[in-house]
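First up is the structure itself, then whatever we jot down about it.
Every number here is computed from the coordinates shown, using simple stated rules; none is lab data. Everything numeric here is computed off the predicted structure, so don't read it as measured data. Heads up, the Cβs are rebuilt from the backbone with ideal geometry, glycines too, and the neighbour counts pull from every protein chain shown.
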Amino acid sequence: MLRSLETTPPPPARTTTDDIIGRARRARVWRGAAIGAGAAACLAVAVAVSVPAVTGSGGGSGGVQPAGQPVPQASFSAPPAERTDPALPVDKIDFSSPLGQYRVGAFRIGPAVTVTGGYTELPVYHDGTTLGGGSTEPLEVATIAVYGKGVYDTALFGGAGDATLVIGDQYPVTVNGRGGLGRDWTYLSPTDAASKQVMAALAWQYADDSWATLLPNYGGPDLSREQATAIAAGLSTSARRDLKVPYRMTFVPEGWQAVAVRQPVPGGGSLSEVFLHAGPVADPVTRIDEVLPGHVKISVMKGLEPGKADYTTDEGVHCVTGQGHCTIIKDDYRIDLDSYGAGLADTEVKRIAEGVQLRDPADPDTWVKVDF
């Protein structure tokens, strides 16, 4: 049977399945463009969860100028007026998780790769299933999310789908002796009427009034109800693991803090993603991604692809005026900072970038916990 450690439940979730599907479809369009025409698109779907401990059975160029052309060093705008209101409180987050890694047949689950103050996410991979289009990066075929006690509202386990996604009626399920809900998601090809993918989605109780979800992504194999239930039943804990970053920060704007850390499973292009926000996110179960207003995202990637038109390879900090974007080039690594609706002056974005002290991205032993 599953149990949760003592947690302080965040407020009720306000993310609907329609919100999730909308975000997922934007991700699928982006991925489809990134890996080329005719390649399988990736749909990243996830529900916000509260960080639990359970025990049970077994980015773009952002305005960087083309290579070979001068990279404009921004004539930075004036800093914002001096604060007249008090700075937002900073509530530092422990970016760690006890959610472990396990296998169910050809499916590989975990470990936790995304931690926020309100939720944790675990990827589900399938042996041999990649992004396609020549990429060897594994495709996340589903996402497990786990809510804290009293957080999840089963009314969220709904949604009407659209022309390429049909969401079936709810049916009861049992996981480790506890009740839950299931719905079959059927993905339809926009170009081949005979092609479809059927995957089971689940929401189940892993403890009293404590729910987890398993939501499928587009592009992988079919996922039967029996397979989905077996994956859900295997959710378990192991030694607590810190999510880390390959750099230290010497400057974060007053009142700002890290609100989400993603340390993907090795094998993909992205090594690390961190979201900064002005104070804590008001609702701990708010979905933290590129759609969240008022954030700065820091991404670390390997591979500069010399000669590619939209990448610069000159070492140092490169910023673009008025776009809230800076790029740091160090050896064959690229660190992008993108500001969205953050209200920061160019000077502050540049100060954040200049304050990134890179460790050795190739050696995880040099990485550090996020303490900002």
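Start at zero, step by 10 Å, and the Cα-Cα distances of the range 113-207 spread as 13, 35, 38, 14, 1 percent across the bins. Peptide packing for 353-359, 200-206 was compared via the average number of neighbouring C-beta atoms within 10 Å per residue; ordered from the highest value, the list is 200-206, 353-359. To the nearest Å, what is the center-to-center distance of the range 121-143 and the range 186-251, using C-alpha atoms only? Computed from Cα coordinates, the inter-centre distance equals 11 Å. Fully extending the segment from residue 254 to residue 340 would add 29.2 nm, taking 0.36 nm per residue of separation and subtracting the current Cα-Cα distance. Taking the Cα centre of the range 193-328 as reference, the dipole from Cβ charges on Lys and Arg (+1) and Asp and Glu (-1) amounts to some 240 debye.
Three semi-axes describe the equivalent ellipsoid of the range 180-292; taken as square roots of 5 times the Cα gyration tensor eigenvalues and ordered largest first, they are 33, 20, 16 Å. Using every pair of separate Cα atoms, the Kirkwood estimate puts the hydrodynamic radius of the range 186-252 at 15.5 angstrom.
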